[in-house]
Amino acid sequence: MFLGEYSHTIDSKGRLTIPAKFRAELALGMVVTRGLDRCLLVYPLPEWDKLAQKINGLPITQRDARTFTRLIYSGAIHCELDRQGRILLPQYLREYAGIDNESVVIGLYARLEIWDPIRWEEVRKKVEEEGDIIAEQLADLGI
């Protein structure tokens, strides 16, 4: 289970240190891909397999399904932790998320997100400001 928010630098080679408490769950490898909100998504391989099965079940006759499939798969890369607990984030993913040399890694139970710190701060503030509205909408879903 991934929880929390961690600030990390990205070195000149594009390597990001994964928070130590997350490394055991990512020891078998992970997939990093583009997220919907201009962040990067990190899935442990078992979670990636679950998502991939759902994506593969989407109808190719629907434009939104094809677009979503392209977004997720075309940016995806398999990563493994090096001995220092780092992963290499390719330039195209860093550019997509606007990540330069600083990042914020957040745990979202079954996956991680990697954000540019400024963008994350904007998203976090908006969520905090609109929390009551979001809670009301989620109540309809039983949360």
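Taken together, the values in this text are just the output of simple stated rules run on the coordinates, not laboratory data. On a predicted model such as this, the values are computed, not experimentally measured, just so you know. Backbone-built Cβ (ideal geometry, glycine too); neighbour counts: all protein chains shown.
Laid out as a table, the results:
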{"item": "Whole-Hz couplings from phi, Karplus 6.51/-1.76/1.60, listed for segment 3-17; x for Gly and Pro", "result": "9, x, 9, 9, 8, 9, 8, 10, 6, 5, 8, x, 8, 10, 7"}
{"item": "Cut-off 15 Å between beta-carbons: net charge of the residues surrounding residue 38, Lys and Arg +1, Asp and Glu -1", "result": "-2"}
{"item": "GluC sites (Glu not before Pro) restricted to segment 1-97 and DSSP loop, no more than 15 other C-beta within 10 Å", "result": "80"}
{"item": "Net length gained if the chain between residue 7 and residue 126 were fully extended (0.36 nm per residue, minus Cα distance)", "result": "40.9 nm"}
{"item": "Segment residue 63-residue 36, length gained on full extension (0.36 nm per residue, minus Cα span)", "result": "8.1 nm"}
{"item": "Whether segment 21-62 is rounded, prolate or oblate, judged on the alpha carbon gyration tensor where a/c under 1.5 counts as rounded", "result": "oblate"}
{"item": "Cleavage-rule hits, trypsin sites (Lys or Arg not before Pro), segment 53-137, DSSP coil, Cβ neighbours within 10 Å at most 14", "result": "83"}
{"item": "Gain upon complete extension [residue 92, residue 119; 0.36 nm per residue less C-alpha separation]", "result": "8.0 nm"}
{"item": "The chain, relative contact order in percent, only Cα pairs under 8 angstrom and at least six apart counted", "result": "36"}
{"item": "Neighbour-limited loop hits for GluC sites (Glu not before Pro), segment 104-141 (at most 12 other Cβ within 10 Å; DSSP other than H, G, I, E, B)", "result": "130"}
{"item": "Between segment 105-143 and segment 22-47, the Cα center-to-center distance that results, in Å", "result": "18"}
